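Shown next, in structure tokens, is the structure this report addresses.
The values are calculated or read from the model by the stated rules, or taken from the named source; none is laboratory data. Values in this document were obtained by computation on a predicted structure and should not be read as measured data. Positions of Cβ are generated from backbone atoms using ideal geometry, with glycine treated the same way; all protein chains shown enter the neighbour counts.
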């Protein structure tokens, strides 16, 4: 456990969310909180309750990849566990991490697992057939303790830093979404090993890492999510396959967003109009090869 650091990337995360996460982490583990803004508002209560926590602010919102890269540069251990703040660790997680590291010598990333959720699978494959089989086996708990996969989700990643030449692991062209899939894709191209482990259990709340869903900024958050989900989708396919492959994968969504935008404008449905407006703009900026520069005024 002395050779593991937990890195938690926050952005104005609600106090109860980050406290629940920290309380679930073994007290002997070094924890580095990277706040993706100028000030971490919960530092006083956290530093008074946890003596294994260090807090660093980036100064501005660098996104998931940039923020985690910022934190990884500060890590001195060989292994890091990247956790979203909306994650609760199983009581045996860190004991099992030590065992899994000893048993699995040759790995770059091992992803943790959580209960089956059709919307948020913890791991999978890029090929449709292999991924469909994995989903069925995962749902039926018919997979081995350690399964080699193509990708794992970014809410909980055990990373072996000895496998990386430098600590700029994530592509910072992404601001939000697809960073971990892109990382896994690049590792698989190099022949590196990525696993999903049944022994590493977490509870993932989902979409609770940033400002509270009841916040007055919820519309701002949704605009960011819609825009960047579409932009990142296109950029991922363009980078890892080709520009025309990206067009073939996202073109239908682009046309759908365009016609939905017109329809909801005519029917005066403001919420749906805004959703498809930002989806359309996200894809359009991807098609035009513009950077992921959209930031809402409140973010």
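Some points to look at:
- Only one of the numbered conditions (1) assigned by TED's automatic domain parsing to the domain that holds residue 229; (2) closer than 28 Å to residue 36 by Cβ is violated by residue 270, and that is (2).
- Failed item in (1) closer than 23 Å to residue 236 by Cβ; (2) in contact with a strand residue (DSSP E or B) (Cβ under 7 Å, 6 or more places away or on another chain); (3) surrounded by 17 or more Cβ atoms within 10 Å (Cβ to Cβ), with residue 148 passing the rest: (3)
- The strands (runs of 3 or more DSSP E) falling completely within region 49-127 that include 2 or more residues that are under 14 Å from residue 196 (Cα atoms) and touching a residue at least 40 places away in the same chain (Cβ under 8 Å) map to 109-113.
- Condition met for residue 5 (crowded, with 20+ Cβ neighbours inside 10 Å and modelled with pLDDT under 95): no
- Qualifying residue in region 144-161 (condition: free of Cβ contacts under 8 Å to residues at least 40 places away in the same chain and either assigned to a loop (DSSP other than H, G, I, E, B) or more than 15 Å from the chain's Cα centre (by Cα) (or both)): no
Yes or no, residue by residue, for (1) at pLDDT 95 or above; (2) under 23 Å from residue 126 (Cβ atoms); (3) not assigned by TED's automatic domain parsing to the domain that holds residue 74:
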position: 194; (1), (2), (3): yes, yes, no
position: 199; (1), (2), (3): yes, no, no
position: 213; (1), (2), (3): no, no, yes
position: 222; (1), (2), (3): no, no, yes
position: 236; (1), (2), (3): yes, yes, yes
position: 240; (1), (2), (3): yes, yes, yes
position: 254; (1), (2), (3): yes, yes, yes
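- Meets criteria (surrounded by fewer than 22 Cβ atoms within 10 Å (Cβ to Cβ) and modelled with pLDDT of 95 or more) for residue 140: no
- Applying a threshold of 6 Å to beta carbon distances and a minimum spacing of six or more residues, or different chains, the list of pairs starting in region 12-28 at a residue that is on the phi < 0 side of the Ramachandran plot and ending at one that is part of a helix (DSSP H, G or I) and at pLDDT 95 or above reads 26/94.
- Considering only residues in region 18-44 that are at pLDDT 95 or above and part of a helix (DSSP H, G or I), the one that is surrounded by the fewest Cβ atoms within 10 Å (Cβ to Cβ) turns out to be 23.
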